[in-house]
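Below is one structure, written out as structure tokens, with a few remarks after it.
The values are calculated or read from the model by the stated rules, or taken from the named source; none is laboratory data. On a predicted model such as this, the values are computed, not experimentally measured, just so you know. Virtual Cβ from ideal backbone geometry, glycine too; neighbours counted across all protein chains shown. Heavy atoms of the whole protein, side chains included, go into the accessibility calculation; ligands, DNA and RNA do not. Shrake-Rupley method; radii C 1.70, N 1.55, O 1.52, S 1.80 Å.
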Amino acid sequence: MRAVSPVTHFLVGWMVANVPRGVGRRERAAIAIAGVAPDLDGLGVIPEVLTRHSAHPLNWFSEYHHVLGHNVFFAIIVAAVCFAVARQRRWLTTLLAAISFHLHLLCDVLGGRGPDGYQWPVPYLAPLSERWTWTWSGQWALNAWPNFVVTGVCLAATFYLAWRRGYSPIEIVSPRADAAFVGALRQRFPLPAAG
Ligand SMILES: [Zn+2]
């Protein structure tokens, strides 16, 4: 694994979606997914692996990961998609999606160093300019403890929010399964009586 785990990015995005109350289900999903969206440029790993031993290997992962999706222009595209997808509180959803996206870039800069020591710089103005290519000398490795701490804290917060607010990321796939999950949580840990 050469980037901060998509699970971590997703959970961070989910936190962002839940900062203000009253963001709808559809909008929460858009904001959380915006936090993973930069890594769409890593899908080139599939043709790269498939063609590795062919006469004309496609090095799409090596060439494009952290380039195509990790910049301000893709951020604008993702924010625009979120604006289009949102049905309520559109501007808030768009703003939170942009924050979620940028936290992804920040997490990558802070904690995305690969096992080979490569820093996976974030070329913020690519492909227009090479200025503002972000790296941080203190960057920790992907399997370093801060990544586990961030993932663990976000996961714990996700469980807490599910218990407290009555929904979790499972709702993106199936609201019914999510209701069952929340029900099980609340059966195990009853909500305090209102009042
Ligand atoms: Zn990334």
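Identify all residues within segment 2-38 that are within 11 Å of the ligand (Cβ to nearest atom) and of a type outside the set (Val, Ile, Thr); write none if there are none.
Correct list: Arg2, Ala3, Ser5, Pro6, His9, Gly35, Ala37, Pro38.
Restricting attention to segment 165-174, the residues being part of a helix (DSSP H, G or I) and surrounded by 12 or more Cβ atoms within 10 Å (Cβ to Cβ) number 3.
Yes/no per residue for (1) assigned to a helix (DSSP H, G or I); (2) within 16 Å of the ligand (Cβ to nearest atom):
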site: Trp136; (1), (2): no, yes
site: Phe148; (1), (2): yes, no
site: Ala157; (1), (2): yes, no
site: Arg176; (1), (2): yes, no
site: Ala179; (1), (2): yes, no
site: Pro190; (1), (2): no, no
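Applying the criterion of at least 3 residues that are more than 20 Å from the chain's Cα centre (by Cα) to the helices (runs of 4 or more DSSP H) found wholly in segment 43-108 leaves 45-50, 60-64. Taking the criterion of being open to solvent by less than 70 Å² (accessible area, probe 1.4 Å), over 17 Å from Leu128 (Cα atoms) and in contact (Cβ under 8 Å) with a residue 24 or more places away in the chain, the residues of segment 58-85 that qualify are Val78, Ala79, Cys82, Val85. Taken over segment 149-167, the residue count meeting the criterion of being polar (S, T, N, Q) and within 16 Å of Ala177 (Cβ to Cβ) is 1. Within segment 109-134, being within 13 Å of the ligand (Cβ to nearest atom) and open to solvent by 40 Å² or more (accessible area, probe 1.4 Å) holds for Leu110, Arg113, Gln119, Trp134. When restricted to residues that are more than 21 Å from Ala193 (Cα to Cα) and not polar (S, T, N, Q), segment 158-181 contains 9. Taking Ala55, is it in contact with a Phe, Trp or Tyr (Cβ under 6 Å, 6 or more places away or on another chain) and either farther than 29 Å from Trp140 by Cα or surrounded by 15 or more Cβ atoms within 10 Å (Cβ to Cβ) (or both)? It is false that Ala55 is in contact with a Phe, Trp or Tyr (Cβ under 6 Å, 6 or more places away or on another chain) and either farther than 29 Å from Trp140 by Cα or surrounded by 15 or more Cβ atoms within 10 Å (Cβ to Cβ) (or both). If you go through segment 92-108 and keep only what is surrounded by fewer than 20 Cβ atoms within 10 Å (Cβ to Cβ), within 12 Å of the ligand (Cβ to nearest atom) and modelled with pLDDT of 95 or more, you end up with His102, Leu103.
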